[in-house]
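A short write-up of the structure that comes next.
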Amino acid sequence: MSLIPSEQWLSEVKNADYILTVLATQLSTADVDAVAELLTAQGLMIKNKARLTGLPVSVAQENLAARACVQLTLAGRIADESAMRQALLALAQQRQIDLALQASADYCQPRRLICFDMDSTLIGQEVIDELAKEAGVGEQVAEITERAMQGELDFQASFRARVALLKGMDASVLASIAERLTVNEGAAHLISTLKAQGYRTAILSGGFQYFAEYLQAKLGLDEVHANVLDIQDGKVTGEVKGDIMDGARKALFLGKIAEQMGLSLEQTVAVGDGANDLPMLGLAGLGVAYHAKPLVRQTAQHAISNIGLDGVLYLLGVHAKEIHAL
């Protein structure tokens with residue numbers, strides 16, 4: 001396959017109406033044909049197809065799973081955006097692929113800020129559940145956490161109820177929990193790549209500042225904002241200091257950081273998995289639900305459910321120089 005110069009691809013993108021990014025660990029001809037059939041049914045014409053290359057050798061040590069990405073430039077107008085989104089979600093679930101449709105102007109937006117949720121987004125755990133296990137109240141807290149992330153419970157009330165169950169726990173366990181946290185696949189590659197591109201990176205978490213700062217040091221994030229667990233005389237008091245970082249505050253902080261950087265909201269990206277991430281996912285120029293709960297996947301602008309976090313790079317056009325013709 002011959003390399004398409006990035007300038008040529010960018011010209012094609014700017015002259016298209018939409019860009020559809022198709023992602024999976026593997027893509028078959030049948031997958032691409034099914035996508036093409038859906039687009040035709042929706043009145044969109046495929047102008048060009050391009051396959052993006054895999055990961056560079058420099059990140060091979062992360063042992064990331066295989067990646068396949070095809071981007072389609074499209075012409076036409078979408079009559080019913082809601083119906084189109086539901087059709088894409090249904091096809092994505094049926095074929096176990098990810099589909100992200102963006103207007104060409106949005107795809108070409110010069111974004112410079114990305115904000116992440118932490119628990120179950122950057123890391124594979126819900127830290128409050130790990131703390132609860134140490135405190136002997138694991139099952140009680142895990143049940144509340146799941147209902148809160150599904151959007152069945154008010155986040156602030158459920159959070160206070162969970163933290164209260166930790167009262168009396170020895171604070172020394174925080175360090176051991178931090179050491180066993182697992183960073184989700186592709187997170188390190190995504191963050192290092194975007195930082196090299198000039199992005200500012202932040203954690204906006206409904207979890208705890210202690211663990212957010214641990215990840216900040218490990219992954220090289222620029223700033224973190226989370227809840228401060230109250231500790232007195234080496235024991236957890238069952239309370240938090242200051243305001244709780246709920247969904248509204250996540251969106252507030254995203255807006256504040258963008259304003260400090262002199263950015264418009266269209267130049268921001270947010271990534272999360274739970275119901276309390278929806279406000280910031282909706283506010284950001286590009287909101288991505290990552291391996292998210294059903295409510296979040298249905299509501300967010302875009303969803304990545306089948307590959308690692310570095311899949312976000314393809315939605316941002318970061319790999320433009322590695323595009324190959326189909």
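Using 0.36 nm per residue of separation minus the Cα-Cα distance, give me the extension gain between C108 and D17 in nm, one decimal. Walk me through the numbers before you get to the answer.
Working: separation 91, 0.36 × 91 = 32.76 nm, distance 1.15 nm.
Gain in length upon complete extension: 31.6 nm.
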Report task. Counting only trypsin sites (Lys or Arg not before Pro) that are in a DSSP loop and have at most 16 other C-beta atoms within 10 Å, tell me the longest site-free stretch of the chain. Result -> 181-326
Report summary line: Restricting to aspartates and glutamates and to Cα separations under 14 Å from K235, and discarding same-chain partners fewer than 8 apart, the set is E134, D170
Query - Sum of -39500 (n - 2.57) over DSSP H runs of 4+, divided by residues of the chain (222 nm, nearest 500) - result: -11500 deg cm²/dmol
Query raised in the report: Cα extents of the range 85-137 along the three principal axes, largest first, in whole Å?
Result: 51, 34, 14
**Report entry** Span per principal axis, largest first, for the Cα atoms of the range 224-308 (Å)
**Finding:** 45, 33, 21
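Rounded to a whole number of µm²/s, how large is the Stokes-Einstein D of the range 126-237 at 10 °C and 1.306 mPa s, given Rh as the Kirkwood radius over C-alpha pairs? Spell out each step's value before the answer.
On the way: Rh = 15.1 Å.
Calculated translational D: 105 µm²/s.
Given a 1.4 angstrom probe, I'd like the percentage of the accessible area of the range 240-283 that is carbon and sulfur, rounded to a whole number. Each step should come with its number before you reach the end.
Values: 880 of 1710 Å².
In the range 240-283, the share of accessible area belonging to carbon and sulfur is 52 percent.
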Query - Calculated on alpha-carbon atoms, Rg and Dmax of the chain in Å - result: 20.5, 66
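Under a 1.4 Å probe, what is the accessible area of the chain per residue, stated in Å²?
Values: 13870 Å² over 326 residues.
Accessible surface, normalised per residue, equals 43 Å².
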Report task. Please give the residues of the range 72-90, grouped as numeric ranges, whose backbone N is less than 16 Å from a label point set 7 Å along the Cα-to-Cβ vector of L265. Result -> none
Query raised in the report: From the cross-link list K14/K49; K250/K293; K49/K195, which pairs have alpha carbons spaced over 22 Å apart?
Result: K49/K195
Query - Computed over the range 212-253, Cα set: Rg, Dmax in Å - result: 12.5, 34
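Give the relative contact order (percent, whole number) for the chain; include only Cα pairs under 8 Å separated by 6+ residues. Display every interim value, and only then the final one.
Details: 627 pairs, mean separation 77.0, N = 326.
Relative contact order here is 24 percent.
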**Report entry** T25-D222 FRET efficiency (beta carbon distance; Förster radius 35 Å; 0.05 resolution)
**Finding:** 0.70
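Using only the alpha carbon atoms of the range 27-177, find the Kirkwood hydrodynamic radius as the inverse mean reciprocal pair distance, in angstroms to one decimal.
Working: mean 1/r = 0.0504 Å⁻¹.
Evaluated over the range 27-177, this radius sits at 19.8 Å.
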Report task. Let me know the Kirkwood hydrodynamic radius for the range 98-188, please, with Cα pairs as the basis and the value in Å to one decimal. Result -> 15.6
Requested in this report: Once you have all Cα-Cα distances for the range 179-326, histogram them in 10 Å bins from zero and send the whole-percent values.
Outcome: 11, 37, 37, 12, 3, 1, 0
**Report entry** L295 versus Q232: modelled label distance in nm, points set 7 Å from Cα along the beta carbon direction
**Finding:** 3.4
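The values are calculated or read from the model by the stated rules, or taken from the named source; none is laboratory data. All values derive from a computational prediction rather than experimental measurement. Heads up, the Cβs are rebuilt from the backbone with ideal geometry, glycines too, and the neighbour counts pull from every protein chain shown. Surface accessibility is based on the protein's heavy atoms, side chains included, excluding ligands, DNA and RNA. Shrake-Rupley method; radii C 1.70, N 1.55, O 1.52, S 1.80 Å.
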